[in-house]
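Colleague: Okay, handing you the structure first.
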Amino acid sequence: MAAIKIVPDVYGVGVQDPDLKLFDVIMELDHGTSYNAYLVRGSDHIALIDTVKEEFAQEYADNLAEIVELQEIDYLVVQHAEPDHAGSIRMLLDKVPGLTIVTNYAAYTFLKAIVNREFKVKFVAHDGELDLGGKRLRFIGAPLLHWPETFYSYLVEDEILFSSDTFGSHFSDDRWFNDLIDRDFLPDFKDYYDMILGHFKKYIWSALKRIKALELKMICPAHGPILRENLEYYIDLYHDWTIKPKTDEKPLVVIAYTSAYGYTEKIMAAVKAELEAGGQFKMEVFELTQTPLTKVKEAIHNCSGLLIGSPTINKDAVKPVWDLLGSLSPVDTNGIVASAFGSFGWSGEAVPNIILRMRMLRMRVMPGFRIQFNPSAEQIEEAGQFAREFMQAVLQPEEKLEKVLIYQREINPLNPYSFEAENYKRKYENEDIIVYWNPDQCTHDTNCFVSLSSVFAPEKTPWVNVNGADVATIMKTIDACPSGALKYNLKTVAASAEKIEKGPGWVGYYDKK
């Protein structure tokens with residue numbers, strides 16, 4: 001494919017991949033995809049925005065060569081470090097040794113591990129600008145859309161938004177522009193939203209607010225058609241898909257279960273009756289062999305509490321339960337209060353196995369409940385007590401629950417379980433607390449800014465605002481850091497922190513072990 005002119009001095013230099021049938025292992029495609037990349041020529045500098053998948057690197061280079069001598073290129077703006085957009089960077093660095101990559105620190109750490117070589121970098125943050133001479137790129141933070149480092153670029157003079165994966169679709173068409181395409185790509189546009197971005201609705205909502213403040217003539221996404229007509233229509237679709245429906249004021253508790261001989265169902269009935277008697281919750285109950293998985297997942301995505309019931313068969317939970325658990329993502333279930341129950345015969349692994357998967361899904365886990373074979377009247381009473389404890393856990397999440405992200409800390413590849421001051425070169429402090437950060441150890445897990453965005457905001461400089469919350473809240477958030485890249489020490493014992501036990505985020509925690 002040849003390069004395309006978008007407006008004077010702005011070009012599309014991406015490639016089409018019409019034969020791709022499976023994307024990122026998870027998405028089956030009907031119409032292939034495209035890897036969109038762009039070139040912006042100013043009077044002083046030339047910038048590229050993103051690259052393409054590695055196997056298309058030569059075609060990408062050929063497209064660039066139609067417009068410029070490669071040595072004339074000054075900057076590569078990397079909005080998103082996923083290899084379908086960053087896969088040709090090694091080739092560019094070979095052909096343009098003086099190239100400067102413009103990105104944020106999170107993307108920089110990812111790119112180092114992708115290209116495995118040194119490169120020149122210019123760091124940018126939200127609301128920063130790159131002046132090319134007569135054309136200015138303004139950068140707009142878009143974290144978790146759909147990776148933690150993602151941002152947009154807005155070409156001020158031409159009112160064009162380069163939106164990374166937002167407003168994208170897996171849809172290949174050589175005509176590139178939505179107004180020239182006579183095929184219906186709306187189903188592909190919706191599938192892309194659902195599969196790629198729909199997990200991050202909170203962040204879509206924030207991005208839409210920023211987008212609506214812009215004067216827009218065109219949206220240039222990283223996949224699929226370039227949108228230059230009916231922009232409001234596509235923006236409104238995102239709004240409608242993202243906005244939460246009005247819900248009952250009571251928190252929702254979901255019970256999803258199945259039962260082999262009716263014993264697990266008896267436990268479910270006792271738990272359900274106790275929760276309903278409390279009158280604190282809206283309840284939805286699903287028998288997994290009789291309910292479409294999509295319906296159960298939709299309820300879980302809106303719930304505050306989740307209980308899963310399974311018998312133990314052949315030393316494990318049963319397939320309908322694993323079908324559900326395997327279809328859930330931690331980005332959707334993070335923070336849900338959860339537990340499991342079930343009956344067993346000659347072994348009882350179902351409940352602890354479910355609990356382990358709940359930990360993987362970043363749920364707030366309460367110990368489960370299990371009995372052998374047919375529950376007695378006394379055991380039914382115990383099931384009621386289990387339900388009352390679960391009710392308390394949902395209403396007061398600090399009670400009855402495991403500490404957050406224990407499993408994630410155990411498996412994190414970079415957590416050294418120690419504090420060496422010379423490795424924590426970034427320091428943020430006020431009169432009460434010092435927050436340390438080791439950027440080389442950080443895996444950009446997102447827990448810090450998802451949990452406490454008033455303090456941790458990676459799109460800002462500095463990204464840590466120690467005055468954004470009370471000391472105790474900052475301590476709790478850092479204690480949950482899976483990589484151990486964040487640590488804290490107290491200068492004084494702040495009133496809000498007096499009763500808070502210092503956890504794994506404290507610089508002296510592992511010294512006392």
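The values are calculated or read from the model by the stated rules, or taken from the named source; none is laboratory data. All values reported here derive from a predicted model rather than from experimental measurement. Cβ atoms come from the backbone with ideal geometry, glycine included; neighbour counts cover every protein chain shown.
Colleague: Out of contact with any Leu (no Cβ under 8 Å at 6 or more places or on another chain) and touching a residue at least 60 places away in the same chain (Cβ under 8 Å) - does that describe any residue in region 35-47?
Modeller: yes
Colleague: Would you be able to tell me the number of residues in region 327-352 that are modelled with pLDDT of 95 or more, surrounded by fewer than 20 Cβ atoms within 10 Å (Cβ to Cβ) and either under 20 Å from the mean Cα position of the chain (by Cα) or of a type in the set (S, T, N, Q) (or both)?
Modeller: 0
Colleague: Would you please list the contacts, defined by Cβ atoms under 6 Å and residues six or more apart or on different chains, that run from a residue in region 337-355 that is free of Cβ contacts under 8 Å to residues at least 24 places away in the same chain to a residue that is of a type outside the set (S, T, N, Q) and outside any helix (DSSP H, G or I)?
Modeller: Close Cβ pairs satisfying both conditions: 355/340; 355/365; 355/368.
Colleague: Just to be sure, is residue 20 farther than 13 Å from residue 85 by Cβ, over 22 Å from the mean Cα position of the chain (by Cα), of a type in the set (A, V, I, L, M, F, W, C) and at pLDDT below 95?
Modeller: Details: farther than 13 Å from residue 85 by Cβ: yes; over 22 Å from the mean Cα position of the chain (by Cα): yes; of a type in the set (A, V, I, L, M, F, W, C): yes; at pLDDT below 95: yes.
Yes, satisfied.
Colleague: Can you spot a residue in region 11-34 that is without any contact (Cβ under 8 Å) to a residue 60 or more places away in the chain, among the hydroxyl-bearing types (Ser, Thr, Tyr) and more than 28 Å from residue 444 (Cβ to Cβ)?
Modeller: Yes - at least one qualifying residue is present in region 11-34.
Colleague: Identify the residue in region 221-259 that is more than 26 Å from the chain's Cα centre (by Cα) and modelled with pLDDT of 95 or more and, among all such residues, is nearest to residue 387 (Cα to Cα).
Modeller: Here the answer is 257.
Colleague: Within the bounds of region 417-426, is there any residue that is under 21 Å from the mean Cα position of the chain (by Cα), surrounded by 16 or more Cβ atoms within 10 Å (Cβ to Cβ), outside the structural domain of residue 278 (by TED's automatic domain parsing) and farther than 30 Å from residue 343 by Cβ?
Modeller: There is no residue in region 417-426 that is under 21 Å from the mean Cα position of the chain (by Cα), surrounded by 16 or more Cβ atoms within 10 Å (Cβ to Cβ), outside the structural domain of residue 278 (by TED's automatic domain parsing) and farther than 30 Å from residue 343 by Cβ.
Colleague: Here's a follow-up. Can you name every residue in region 223-267 that is touching a Pro at 6+ places or on another chain (Cβ under 8 Å) and not in a helix (DSSP H, G or I)?
Modeller: Those that are touching a Pro at 6+ places or on another chain (Cβ under 8 Å) and not in a helix (DSSP H, G or I): 227, 258, 259, 260, 261.
Colleague: Taking strands (runs of 3 or more DSSP E) that fall entirely within region 280-395, which contain at least 3 residues that are of a type outside the set (A, V, I, L, M, F, W, C)?
Modeller: Of the strands (runs of 3 or more DSSP E) lying wholly inside region 280-395, those with at least 3 residues that are of a type outside the set (A, V, I, L, M, F, W, C) span 282-287, 337-344.
Rundown of residues vs (1) under 17 Å from residue 218 (Cβ atoms); (2) basic (Lys, Arg); (3) at pLDDT 95 or above, yes/no style:
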{"residue": "115", "(1), (2), (3)": "no, no, no"}
{"residue": "120", "(1), (2), (3)": "no, yes, yes"}
{"residue": "125", "(1), (2), (3)": "no, no, no"}
{"residue": "138", "(1), (2), (3)": "yes, yes, yes"}
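Colleague: Further question on the same structure: Would you mind stating whether residue 87 is over 21 Å from residue 149 (Cβ atoms) and modelled with pLDDT under 95?
Modeller: For residue 87, the condition - over 21 Å from residue 149 (Cβ atoms) and modelled with pLDDT under 95 - is not met.
Colleague: Is there a residue being crowded, with 17+ Cβ neighbours inside 10 Å, among the acidic types (Asp, Glu), out of contact with any helix residue (DSSP H, G or I) (no Cβ under 9 Å at 6 or more places or on another chain) and touching a residue at least 40 places away in the same chain (Cβ under 8 Å) anywhere in region 143-156? Please lay out each step first, then the result.
Modeller: Kept after step one, since they are crowded, with 17+ Cβ neighbours inside 10 Å, are these residues of region 143-156: 143-155.
Going one step further and asking which of them are among the acidic types (Asp, Glu), we end up with 149.
From the residues that got through so far, the ones that are out of contact with any helix residue (DSSP H, G or I) (no Cβ under 9 Å at 6 or more places or on another chain) too are none.
No, that holds for no residue.
Colleague: Now a separate question. Looking at 208, 197, 216 in this structure, which one is assigned to a loop (DSSP other than H, G, I, E, B) and under 19 Å from residue 151 (Cα atoms)?
Modeller: 216
Colleague: Six or more apart or on different chains, Cβ under 6 Å: which pairs go from a residue in region 410-427 that's among the small types (Gly, Ala, Ser) to one that's not in a strand (DSSP E or B)? Could you list them?
Modeller: If the second residue must be not in a strand (DSSP E or B), the pairs left are 418/510.
Colleague: Can you tell me which residues in region 214-262 are among the acidic types (Asp, Glu) and touching a strand residue (DSSP E or B) at 6+ places or on another chain (Cβ under 6 Å)?
Modeller: 248, the sole residue that qualifies.
Colleague: What is the residue count in region 127-136 for residues that are surrounded by fewer than 20 Cβ atoms within 10 Å (Cβ to Cβ), within 18 Å of residue 163 (Cα to Cα) and modelled with pLDDT of 95 or more?
Modeller: 2
Colleague: Kindly check whether there is at least one residue in region 391-398 that is of a type in the set (Val, Ile, Thr) and within 15 Å of residue 275 (Cβ to Cβ).
Modeller: Yes, the conditions are met somewhere in region 391-398.
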